[in-house]
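Take a look at the structure set out below.
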């Protein structure tokens, strides 16, 4: 009995997704090593970085910015709050609305690790020529946008 025989186009697509995932894992491992030293997960770092650069946001907006589910975001924010790196504040105008703010401790932590994080990201992409980085960004955006519909 013969098994499923993938088409050439299917085999090429599977090879591309494997390459994309391997590249993503390689870049993630660099970030994870740094974050492990300060006891942060990638998701926690994403929240702190978003609050640091954008400012206070509601939990749903943080989830959108960090590409995480709102359910997962509750746990991430709870854990950051326990460490004193963020705090939730109720809106004075609408008590149902809660904003998440980075604390001074959270800001100090990002100030401490962000320069090294940036250098690690730069090193990861330094294997690409400037025009290749532009093309890579364009292709990633095209692929991502095609999946949103």
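The values are calculated or read from the model by the stated rules, or taken from the named source; none is laboratory data. Being a predicted model, the structure only gives us computed values, none of them experimental. Neighbour counts run over all protein chains shown; Cβ positions are idealised from the backbone, glycine included.
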Inset, instruction - Look through segment 52-70, keep the residues that are surrounded by fewer than 15 Cβ atoms within 10 Å (Cβ to Cβ) and modelled with pLDDT under 90, and return whichever of them is farthest from the chain's Cα centre (by Cα). - result: 70
Inset, instruction - Scan the helices (runs of 4 or more DSSP H) fully inside segment 1-105 and keep the ones with 1 or more residues being touching a strand residue (DSSP E or B) at 6+ places or on another chain (Cβ under 7 Å), without any contact (Cβ under 8 Å) to a residue 60 or more places away in the chain and within 23 Å of residue 115 (Cα to Cα). - result: 42-54, 59-66, 70-82
Inset, instruction - Given the conditions (1) farther than 27 Å from residue 24 by Cα; (2) out of contact with any helix residue (DSSP H, G or I) (no Cβ under 6 Å at 6 or more places or on another chain); (3) at pLDDT 90 or above, report the number of the one that residue 93 does not fulfil. - result: (3)
Legend entry - Complete set of residues in segment 71-89 that are farther than 20 Å from residue 38 by Cα and either at pLDDT 90 or above or surrounded by 13 or more Cβ atoms within 10 Å (Cβ to Cβ) (or both): 74, 88, 89
Inset, instruction - Mind listing just one residue for me: the one in segment 129-138 that is in a helix (DSSP H, G or I) and loosely packed, with under 11 Cβ neighbours inside 10 Å and, of those, nearest to the chain's Cα centre (by Cα)? - result: 138
Inset, instruction - Take segment 98-128 and flag every residue that is modelled with pLDDT of 95 or more and surrounded by fewer than 10 Cβ atoms within 10 Å (Cβ to Cβ). - result: 104
Inset, instruction - Consider only pairs whose beta carbons are under 7 Å apart and that are at least six residues apart or on different chains; among these, list those whose first residue lies in segment 133-149 and is within 16 Å of residue 23 (Cα to Cα) and whose second residue is outside any loop (DSSP other than H, G, I, E, B). - result: 133/125
